[in-house]
Structure formats: C-alpha cells, structure tokens
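For reference, the structure discussed in these notes is given below.
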Amino acid sequence: MQDDLIPRRGFSHVPGRIHGLVDLAYNLWWSWHPEARILFKQINPHAWKESIHNPVKMLQEIPERFLERVAGNPEYLRRYDISMFRFHRYMTTKNGWFSEAHSSSRSLTIAYFSAEYGLHHSLPLYAGGLGFLAGDHLKECSDLGLPLVAVGFMYSEGYLHQHILPDGWQDNYWEHLDRDAAPVARVMDADGRQLVVRVPHISPPIHVAVWRVDVGKVPLYLLDTDIPENEPAARAISSRLYTGDRERRLVQEVVLGIGGQKVLNTLGINFSAVHLNEGHPAFAQLERIRERVERGLSFPVALDQVRGTAVFTTHTPVPAGNDLFSPSLMEKYFSDYYPALGIDRETFLELGRTPGDPSGCFNMAAFALRLTAFHNAVSQRHGSVSRKMWQVLWPGSPEGTVPIDAITNGVHIPTWLNPRMERLYSQYLSPVCPHWQQELDNPAIWGMIDEIPDRELWLLHTWLKAKLFNRIRERKRLRWASHHKAPINLVADGLMLSPSVLTIGFARRFSSYKRADLIFHDVARLKRILTNKWWPVQIVFAGKAHPDDTEGKQILQRIYQHAVSPDFEGRIAFVEDYGEQTAQYLVHGVDVWLNNPLPPMEACGTSGMKAALNGVLNCSIRDGWWLEGYNGRNGWAFGGDAWSPERDAMDAAELYTLLEKEIIPLFYSGSLDGIPHGWVQMMKESIKSIAPIFSSRRMVKEYTDRYYPSLLSCAESGYEQCPI
Ligand SMILES: *Cc1c(COP(=O)(O)O)cnc(C)c1O
C-alpha cells in the first residue's frame, strides 16, 4: 500500500470523528458490504442517490451541516465504529483461505490484466460480462487473501448510455468520467506529480498516467492516455472501450499490455506470474520478454520463463470473436519493438499466426495461447469448443488432449445477493454454520435453505419484485418530467407492469447471437400466452446494442415496437440503459430469467447465476454454464444442439410449450394460503444447487489450486521447473 503517495483533496469539512469515511469511500470494499454502504446513505439519502452512489463525490459535495448531524448521533457513530473496525480488520488480517491452503512456501503475487472491469456503477469501466467477471474475480481474490494486483484502463469518456427514441431506435451518448470525483486516486511520483510512464519502444510515443482503485486488498491500476504529454491522437486511445477501428484497437492493446507491464515495473511491484483475462492484454507477455532480453537473456530462454508463469483465460467460442491485426498494421507499431526482443519481423509475426489462415493476420488468442503455459476456457462446454477450435496450434494432438482446461465462471455472492435475501438466508444458515459467509462454496451449508418457510421466501421475493417495478416507474416518472415522453412510450418503458403477474426477465447485450427476439418467432402464440386473462405473463427486456451494430439495434427496435403495440396489452416492457444497477434490480426481482443464445455461442454466461442466487428461476437454452447448472429440478432447459435451418422455429416452439405446460401452471398453482409451494420448492432447489458451485469463491479457488503451485515452482526454482 502506498497511501502516502496519494493526496486526497476536498474533504477538510468532514469532521474528525467520522473522517474514516474518506478512507472507506476510496476502497470499493464498501460496495459489497451493505453495513458500510448504509453509512453513506444515512448522511443524506437524496445526496446519495444524486451522486449515483459515489461516496467520493457525495462527501466532496455535501454541506458540512449534514456531516455534523450524523457525527453527533450516537446511533450513527455506533454503526460507524463497527463498520470501520470491520474494514480495518479485513484490510490487515492475513489469515484468509489462501494462506491456510497454500502456506507451504513463500507466496508470489499475480498480476491480472483485463481490458474492462465491472466493479460498481459509480466506476463504469465495463461493457458487459467480461468486465463483471473481472470485477468479481478481484473482489473474490481480496476476500480469499490471494496476493494480486490488477491492471486496466481508465476510460475517460468511458461509459455508453442508451436512450430509446420514440420509434424504438437506440440513441447513444457517452458519459464523461469526472476522474477527480470518482472513487479513484492519482498515483504520484517522487516529485509529487502524477506518475506518467512512457510505453517502451513504441513509436510514435505514447505516455500513460496512472490511477489506482482499491478493491478491498487488491489494488487496480488504471492507465490513462488523456494527458498533455501525448499528441491529440494518442490522448484519445483510452477514451472508449472496444472501438470498431482496428488501428485504435491495436494501440489500445499495446498500451494495456506493454504499458501496463511497464507501469507495474515502474511502481516496483514485485510479481512473478500473470493472468490474462481474454486476449486483449496479451502483449504484456512481450514486455516481460523484452525486460529479460534487456537483462541479457536470449529470446527463447526469456520466452520459456514468461510462458511458464502465465495463465490465459479465453472467453470466445468463435474464431471471428478474437482480435486480428494485419501484418502491415503490426509492422507500423512494432518495428522498433521486435529488434528489442532480439528477433526479426518474421519470427515476431509468426507468434500470432494461425496455421491455415492465408491472410497471415496476427491473432491475439493464438498469440496468447503460444505465450502462456496454462490456458482455460470458461465452462466445460466452452472447453471442448475451444479445444476443437485451437487444435490447429497443436498439430498431431488429438482434440481431447489439446491443453485447454475449463474453469467455469462464477459470481461474487456478496455483490449479487440482495442484502435482504442474505439476511433471510443467514437466519437459517448461521445456526448450523455461524460463519457461513466464509464457506460460500460449501454445498452442505446451502442445503439449509430448505429450512426457510415457503411463506417467508415467497413474501420477500414478492417484495423484491415490487421494488423492481417501483424503480422502473420512478425512473419513467423522471424521464417523463425531463424528456416529455409521450404516454405510449411510457407504456413500453414498463408503466403497466403488475407485481402479481408472472414476470420473465431478459437482459443482456443485444448481440445477434443472443437472439433477444426469439420469443417473438410466433407472434400470435406469444400474444395468447401473454394476454391470457386468467394466467397472464409479462416480459421485461433490457440491454444495449453496440453503437456500430445495426442488426442489434434493429432487433431492439422490433421488440420496442411490440412493447408499444396495444396487441400485447402492456405486458411487454423495455427498460432503458441496462447497466450494473438495473441488472441488480432485475436479477433480484423477476420470476424467470430467460436465456436463449444460439449454441455454442454462449461461452458461459453469468447473469443467470446472479438470478439463481436470489431465487429467480432460470429458463435457458442448453448452452454455456446451464449445461452444468441444470439438474432437472432447479429450472428449465430447452433447445437441442444440432444445427438446422429451422433452429429458431424449433427453439421458440419448445420455449412456448415449456411456458404453457410447465412454467405458467406451476407459477399460478398457489394453494389457499396464496403461496405457490411448488414454485417455492423449485426456488429453493435452484438457490442451493447453484449458489455454492457457480460462485466466484469456487472459481478463484479452482484457479488457485490448479495453477498456483506450478506457477510458484516455475518462478521459485529460478525457472528450472517450468512446464514445457
Ligand atoms: C452479469 C452481467 C452481464 C453478463 O451477463 P451474461 O449472462 O453473460 O450476458 C452483462 N451486463 C451486466 C450489467 C451484468 O451485470
């Protein structure tokens, strides 16, 4: 920790008695501890909301009198003292799971690289699932005490907002991130200026400034190119996530990988292994090689050392999903770089070639696979898909022996489990296991979910559902006031949702493979289902199309037009601007979570896990994690695997039948006490069978148990014992 390096401005009005709030605000620990969150909210709920739950901004802006009011309130101070005690104990305690399970020798620190991080809505540095996976990974490493530092980008124009025009077309605007009011801190150099590092051997030159976010015990360093040291073109490199422009994309990846590695080194951070989350940051491995070559090692020896101490996680099930760069583009940026590695152009380009690809393009996934000794896919199915896809890199190996493992993704339970639900579970789990939060991946403890009376679970679920609808309506009210939306659009936005109606949620990015409009395949049949007088059904959609994805925007528009249409009687809603906060409400509050991508395109999927934790039932195509998660009693599975031109029709028909024959009757089968006991039974089965297995607790432990000993022995043996 280098807290002394980071000045914090604008907090002199915070009274000394509660000045610890400033420390708390700068560590995202508060975001997954409800008792800490409430401390900010209680200062002034409106200011908290107004700041979009950003405690740094709120504390900077709130008038002193509000702070003095709580600083004089004994009840508040009691809560404050308890939370601060827990925070300090969390930050200083060393004996987490990691030090017990892997205590045999010295520990090494791992550097985790990712192009995006979904941590909290006050710090929007993400586009979708990959980012939340990275964010959950960091939080879990912190909880488990795994030594880790992370590197990512500060996207200054970072966040894409969605606004739906009256005709259903998606309009976008970018939110400018006010760095000085975000929960991030400048990293300073010895002269008291913000640290700026030049990306080595890249011309034209690029500089990055460094920021830090504390995620519990894990520091996340963010690179920022929007600084005066850079030419205007270079300043824009880190402005937005995933631009469509090839060249800009390459430069981003150069900055993230090579610049990121250089920053960690400049900071003197001692780490011996790296974890690459997807191919974007893979150039970090080049820079690790270059450092060694500079110290006198030959390229092949340096490559072996770097390979033996690196893990690459692939998330892409189709070749086209990986980044490809033409040889001439590579040449443009790397002509100074490969001489510094001691290799020629051909050897360099060969590192990223895919055998059989006549374009000779540099493929970031092929490159990452060659430069790491340990590779994994993100679900069992994705493992076999990846082994097949990448067999070309291991000519002569049968498909089954291609060395790509599978570690199925999981979600961070304290982040995604609603705090009220957590309290209810705790009531029944803690008598058998007082510290059950320490054993989130233990299925035996979760078995106690059966002890919760049906009525209690159902009433809380209903409460969360009402909360979701209230939030939708409140947002619409504000929109109506500010944008004077026509009443018909408010209907489409969810004004008519009813808490007593079976509610299906569908929220995810609008990429075409996710088939958001599959359920509209037979409009007449869907209409009969939704507008049934006795057993009605409603669907809440949310999600953004990539701004360059016209097809995705068209799908969205068609859905929106159905939502507007009186034919569906207000039973379809489209919630604007899907993001972390909306996701929280949806995964807590709908009844069924629908997922119907085109197999095998969903490498894993994680939103269904978040839903399951909260008692929301999954109805999903057989793909990704659901092939492992579905046990016949904890939700519904549909769709086959064989490709056919009738694929959409067949999948849609199966979905309608499931709804008509199983899902709807079960939901409306309430007994005289008003509780649908069969449904609640299934909710319990879903919670207890999914929460422990599809938690990031299980996932991070699996990464650690599987790779850590090998990484350690490679590094500690002076690279004598490294995998070939
Ligand atoms: C969890 C999450 C995702 C990823 O969900 P998938 O099921 O993988 O599509 C995307 N966006 C947000 C806001 C999320 O919370």
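The values are calculated or read from the model by the stated rules, or taken from the named source; none is laboratory data. As the structure is a computational prediction, the values presented were derived from the model and not from experiment. Positions of Cβ are backbone-derived with ideal geometry, glycine not excepted, and every protein chain shown enters the neighbour counts. Quick note on the areas: whole protein, heavy atoms, side chains included, nothing else; ligands and nucleic acids left out. Shrake-Rupley method; radii C 1.70, N 1.55, O 1.52, S 1.80 Å.
Miscellaneous remarks
- Candidate set: the range 123-149, residues that are part of a loop (DSSP other than H, G, I, E, B) and under 28 Å from GLU602 (Cα atoms); chosen: the one farthest from the ligand (Cβ to nearest atom): LEU123
Each row is one residue, and each column tells you yes or no for (1) in contact with a Gly (Cβ under 6 Å, 6 or more places away or on another chain); (2) modelled with pLDDT of 95 or more; (3) within 16 Å of the ligand (Cβ to nearest atom).
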{"position": "ILE52", "(1), (2), (3)": "no, no, yes"}
{"position": "ARG65", "(1), (2), (3)": "no, yes, no"}
{"position": "GLY72", "(1), (2), (3)": "no, yes, no"}
{"position": "ARG78", "(1), (2), (3)": "no, yes, no"}
{"position": "PHE87", "(1), (2), (3)": "no, yes, no"}
{"position": "THR92", "(1), (2), (3)": "no, no, no"}
{"position": "ASN95", "(1), (2), (3)": "no, no, no"}
{"position": "LEU108", "(1), (2), (3)": "no, no, no"}
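- Taking the criterion of being under 27 Å from the mean Cα position of the chain (by Cα), under 14 Å from GLU253 (Cα atoms) and at pLDDT below 95, the residues of the range 314-354 that qualify are ASN322, ASP323, LEU324.
- Pick from the range 440-450, criterion part of a loop (DSSP other than H, G, I, E, B) and of a type outside the set (A, V, I, L, M), ranking: nearest to the ligand (Cβ to nearest atom): ASP441
- Test for TYR117: is it surrounded by 21 or more Cβ atoms within 10 Å (Cβ to Cβ) and under 20 Å from LEU264 (Cβ atoms): yes
- Total residues in the range 49-78 satisfying the condition of being surrounded by fewer than 17 Cβ atoms within 10 Å (Cβ to Cβ) and of a type outside the set (A, V, I, L, M, F, W, C): the figure is 13.
Quick grid of which residues meet (1) open to solvent by 20 Å² or more (accessible area, probe 1.4 Å); (2) under 30 Å from VAL564 (Cβ atoms):
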| position | (1), (2) |
| --- | --- |
| ASP577 | yes, yes |
| GLN581 | yes, yes |
| VAL592 | no, yes |
| ASN596 | no, yes |
| GLU602 | no, yes |
| ALA612 | no, no |
| GLY615 | no, no |
| GLY624 | no, no |
| GLU628 | yes, no |
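- Residue check: PHE574 meets all listed conditions (1) in a helix (DSSP H, G or I); (2) away from the ligand (no atom under 12 Å from the Cβ); (3) of a type in the set (A, V, I, L, M, F, W, C) but one, namely (1).
- Restricting attention to the range 114-130, the residues that are among the small types (Gly, Ala, Ser) and touching a strand residue (DSSP E or B) at 6+ places or on another chain (Cβ under 6 Å) total 1.
- Qualifying residue in the range 639-655 (condition: touching a Ser or Thr at 6+ places or on another chain (Cβ under 9 Å), under 28 Å from THR314 (Cα atoms) and touching a residue at least 24 places away in the same chain (Cβ under 8 Å)): yes
- When residues of the range 475-531 are limited to those that are among the aliphatic types (A, V, I, L, M) and not in a helix (DSSP H, G or I), the one surrounded by the fewest Cβ atoms within 10 Å (Cβ to Cβ): ALA486
- Given (1) open to solvent by 50 Å² or more (accessible area, probe 1.4 Å); (2) modelled with pLDDT of 95 or more; (3) within 16 Å of the ligand (Cβ to nearest atom), index of the condition PHE541 fails: (1)
- Listing of helices (runs of 4 or more DSSP H) fully contained in the range 599-670 that carry 2 or more residues being under 20 Å from ILE504 (Cα atoms) and within 16 Å of the ligand (Cβ to nearest atom): 607-613, 626-629
- No other residue among TYR155, TYR221, TYR159, TYR126 is in contact (Cβ under 8 Å) with a residue 24 or more places away in the chain, open to solvent by 10 Å² or more (accessible area, probe 1.4 Å) and closer than 24 Å to THR313 by Cα apart from TYR126.
- Residues that are among the polar types (S, T, N, Q), open to solvent by less than 20 Å² (accessible area, probe 1.4 Å) and either in contact with a Phe, Trp or Tyr (Cβ under 6 Å, 6 or more places away or on another chain) or in a helix (DSSP H, G or I) (or both) within the range 681-715 comprise SER686, SER696, THR704, listed in sequence order.
- Taken over the range 449-490, the criterion of being of a type in the set (Lys, Arg) and under 14 Å from ARG420 (Cα atoms) is satisfied by LYS465, LYS467.
- Any hit, the range 293-311, residues being at pLDDT 95 or above, small (Gly, Ala, Ser), within 21 Å of GLY135 (Cα to Cα) and assigned to a loop (DSSP other than H, G, I, E, B): no
- Look at the range 309-321: where a residue is within 20 Å of ARG246 (Cα to Cα) and a partner is at pLDDT below 95 and of a type in the set (D, E, K, R), sitting 6+ places away or on another chain with Cβ atoms under 9 Å, you get PRO319/ASP357.
- Checking each residue in the range 399-439 for being of a type in the set (A, V, I, L, M), more than 19 Å from the chain's Cα centre (by Cα) and part of a loop (DSSP other than H, G, I, E, B) picks out VAL402, ILE404, VAL432.
- Test: residue in the range 355-375 that is modelled with pLDDT under 95, in the same structural domain as GLY257 (by TED's automatic domain parsing), open to solvent by 30 Å² or more (accessible area, probe 1.4 Å) and acidic (Asp, Glu): yes
- Annotation: PRO723 fulfils all but one of (1) open to solvent by 20 Å² or more (accessible area, probe 1.4 Å); (2) at pLDDT 95 or above; (3) of a type outside the set (Phe, Trp, Tyr); the unmet one is (2).
- When GLY118 is tested against (1) touching a Cys at 6+ places or on another chain (Cβ under 9 Å); (2) within 9 Å of the ligand (Cβ to nearest atom), exactly one condition is not met: (1).
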